[in-house]
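The structure under discussion appears below in the form of structure tokens.
Derivation of every value follows stated rules applied to the coordinates shown; laboratory data play no part. All of these numbers come straight from a predicted model, not from anything done at the bench. So basically every Cβ, Gly included, is an ideal-geometry build from the backbone, and we count neighbours across all protein chains shown.
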Amino acid sequence: MAKILVLKSSIMGEGSQTNRLIDIMLEHRKDQGLQDDITIRNLAEMNLPVLDLEIFQALRGAENVNQDIQQIVALSDELIAELKNTDLLVIGSPMYNLNVPTQLKNWFDLVARARQTFRYTETYPQGLV
């Protein structure tokens, strides 16, 4: 049994071709007899915060941050724990204006944390997940 984390980032909801492709992939695994533990995160419905200086500094360990920022750091910790506890990450990403959806970028900003999901080496950043 694989632990699968599915990220749906389309703002189109049920009308999304990207979400339909994810559903087909998951159904195909089920048809193969695989019994997966699936967690689906609909990023378009989560209203993830946009990275700003205050959030950036808090994610890097700044102290004396307000309660709203503490909640964002706690959310980041939760998303990172979820990512680390998964065997397979499925990212559903349509293209809007020649880029990934803002919702997916916001998720990346919350899980890309030095010393937790990557580290800096003398030559290049190195992934830890």
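Springs between Cα atoms under 10 Å define the GNM used for the chain, and in it the highest mean-square fluctuation of 62, 74, 112 occurs at 62. For the peptides 118-129, 81-92, residues were scored by their other Cβ atoms within 10 Å and the scores averaged per peptide; the highest-first order is 81-92, 118-129. Ranking 97, 1, 120 by how far each Cα lies toward the positive end of the dipole of the chain (charges on Cβ) leaves 120 at the top. Taking the chain as a Gaussian network, Cα atoms linked when under 10 Å apart, which of 23, 31, 109 shows the biggest mean-square fluctuation? Result: 31 has the largest fluctuation of those listed.
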